[in-house]
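The numbers here are math on the coordinates, done by the rules we state, and not lab data. Computed from a predicted model, the values in this text were never measured in an experiment. Here the Cβ is made from the backbone with ideal geometry for all residues, glycine too, and neighbour counts use every protein chain on show.
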Amino acid sequence: MLLNPQIRRPAVTRADREKIKVKAMERKHQEYKVKKKRQEELRKGKKMQLHQPVLLERCIALLTPSIEKSLAKKNQPVVIDATLGLGGHTHELLSRFPQLKVIGIDRDKSAIEKTEARLKEFSGRFTIVHAVYDQIPEVLNSLGFSHVDGILFDLGVSSMQLDFADRGFSYSQQAPLDMRMDQSSSLTADLVLNTYSHSDLARIIRTYGEERFANAIAANIVKARSENRLKTTTDLAELVKASIPAPARRFGGNPAKRTFQALRIEVNNELKVLERAIPAGLDALVVGGRMVVMSYQSLEDKIVKKIFQDRTESKSPKGLPVELKEYAPRFTLVFRGSETASESEIAENPRAQSVRLRAIERSAA
Ligand SMILES: C[S@@+](CC[C@H](N)C(=O)[O-])C[C@H]1O[C@@H](n2cnc3c(N)ncnc32)[C@H](O)[C@@H]1O
């Protein structure tokens, strides 16, 4: 059929455009609800494992060349699991490479106790250290190593920390406002919420939670604490919900998520520690060694991306006809940008939904 180009379409009014926009938003929301329901069904249908490591096969594949290079030189390869957790990645690495040694670091003593028992069969090739991961140089020094072949960071909280309500990480279970990864440290969410000024609370919630309504939430926190109404995680979750206008609450999951993330970052000083840990880890790699990092929120990923960019760029002064060796980059990206999890992995393991994976290799001493 030939269309007559002379026939003009009826003009689209502003009201029409508004309707189209609302319809598109509704469709997106509907899709989100269907996806969530499907994930929930899959989770219920399957007998859930206690813990499913995220991007397990990809992490192993990315670390394999460094481990094999070390084996080819007749050395014992050494990998640091800087966020041991329940040892999901470490278990697989130790099982697949019978000569590999893993140094597992975690700041959470209860994770260490559980994982020590879980990985008992590998005890000769597996050392656990209770430390914060920016202490990698001190940890290596105390164990008599100068360099390692691989380092894995699987950032954030573990499923165990989220599942145990009394740790206070979860906004859906009633618990004291704790949120410490290391239960021997002194700063708790309760202390932050009850002692920080309005402006500090607003700044933390805005910067670490990327929350638009940070001011209103901070004002309500100050009001609630003066009335002694802020005792538990559910008190906080309800306060956040009440601080966010209803239309803004309709999209993007639980409204408390961003404020809880902000408090967790503050309590555990997560970003500052990460800014120190990545460079320290890179300096600890042998030539040919690799670092793999999985982040679950944009603030962490931005830090990793920036440091990787800086380490893979030439520092040659502009205008030099040839690059001098001392200015050449000593690291190369294993692949450009970041990778995410597949739809099927996300359906099986919702934790994989927000993961961003980056990898870098040391190419020169
Ligand atoms: C996502 S979990 C790791 C899960 C692990 N890959 C597995 O498969 O079982 C993150 C772990 O890192 C630990 N962690 C987070 N920040 C840390 C830090 N700065 N130093 C040491 N451990 C940290 C947490 O306590 C938690 O146990």
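Only Cα pairs under 8 Å and 6+ residues apart enter the sum, and on that basis the relative contact order of the range 164-268 stands at 35 percent.
Using the Cα centre of the range 164-268 as the reference point, and only Cβ charges (+1 on K/R, -1 on D/E), how large is the resulting charge dipole? Debye, rounded to the nearest 20. Working shown, then result.
Details: 15 positive and 11 negative charges, 80 e Å.
Value, rounded to 20: 380 debye.
A simple spin-label model places the labels of T234 and A24 4.0 nm from each other, with each point 7 Å out along Cα-to-Cβ. Around the Cα centre of the chain, unit charges on the Cβ atoms of Lys, Arg, Asp and Glu (plus for the first two, minus for the last two) sum to a dipole of about 1640 debye. Our analysis of the chain gives Rg over Rh at 1.04, with the two radii drawn from alpha carbon positions and Rh computed by the Kirkwood formula. Karplus-based coupling profile of the range 275-285, in residue order and whole Hz: 4, 8, 6, 5, x, 4, x, 4, 5, 8, 7, with θ = phi - 60° in 6.51 cos²θ - 1.76 cosθ + 1.60 and x standing for Gly or Pro. Backbone N atoms of the range 48-86 closer than 20 Å to the 7 Å Cα→Cβ label point of D283 belong to residues 79-83.
Can you tally the net charge around P245? Count Lys and Arg as +1, Asp and Glu as -1, for every other residue whose Cβ sits under 15 Å from the Cβ of P245. Walk me through the numbers on the way to the answer.
Numbers: positive: R212, K241, R249, R250, R258; negative: E211.
Value of the local net charge: +4.
Residues of the range 192-224 with an amide N closer than 19 Å to a point placed 7 Å from the Cα of K272 along the Cα-to-Cβ direction: 192-210.
Note the full-extension length gain between R118 and S226 as 0.36 nm times their separation in residues minus their Cα-Cα distance, in nm to one decimal. Show your work: numbers first, answer last.
Numbers: separation 108, 0.36 × 108 = 38.88 nm, distance 4.55 nm.
Answer, rounded to one decimal: 34.3 nm.
Rank M179, Y196, G209 by how far each Cα sits towards the positive end of the charge dipole of the range 164-268 (+1 on Lys, Arg Cβ; -1 on Asp, Glu Cβ) and give me just the farthest. Going by the charge dipole, the pick is G209.
For the range 55-77, backbone nitrogen atoms closer than 18 Å to the point 7 Å from S146 Cα along Cα-to-C-beta are found at 70, 73-77. Subtracting the Cα-Cα distance of A61 and S197 from their residue separation scaled by 0.36 nm leaves 44.2 nm.
Among H89, H147, H51, sorting on how many other beta-carbon atoms sit within 10 Å of each Cβ, with the fewest leading, yields H147, H51, H89.
Per residue of the chain, what 222 nm ellipticity follows from adding -39500 (n - 2.57) for every DSSP H run with n ≥ 4, rounded to the nearest 500? Intermediate values should be presented prior to the final figure.
Details: 15 runs with 174 residues, N = 365.
Theoretical 222 nm ellipticity from helices: -14500 deg cm²/dmol.
Within the listed set A219, A72, A11, the Gaussian network model of the chain (springs between alpha-carbon atoms below 10 Å) gives the highest mean-square fluctuation for A11. Under the criterion of Cα pairs below 8 Å and six or more residues apart, the relative contact order for the chain equals 16 percent.
Compare Y171, Y196, Y327 in a GNM of the chain, Cα atoms joined below 10 Å, and give the one with the largest fluctuation. Of the options given, Y327 has the highest mean-square fluctuation. Between D16, D106, D149, where does the largest GNM mean-square fluctuation fall for the chain, given springs only between Cα atoms within less than 10 Å? Answer for the Gaussian network model of the chain: D16.
One chain, two ends: E343 and R249. Fully extended at 0.36 nm per residue, the span grows by 31.3 nm beyond their Cα-Cα distance. Residue exposure proxy: T90, T234, ordered by other Cβ atoms within 10 angstrom of their Cβ from fewest to most, comes out as T234, T90.
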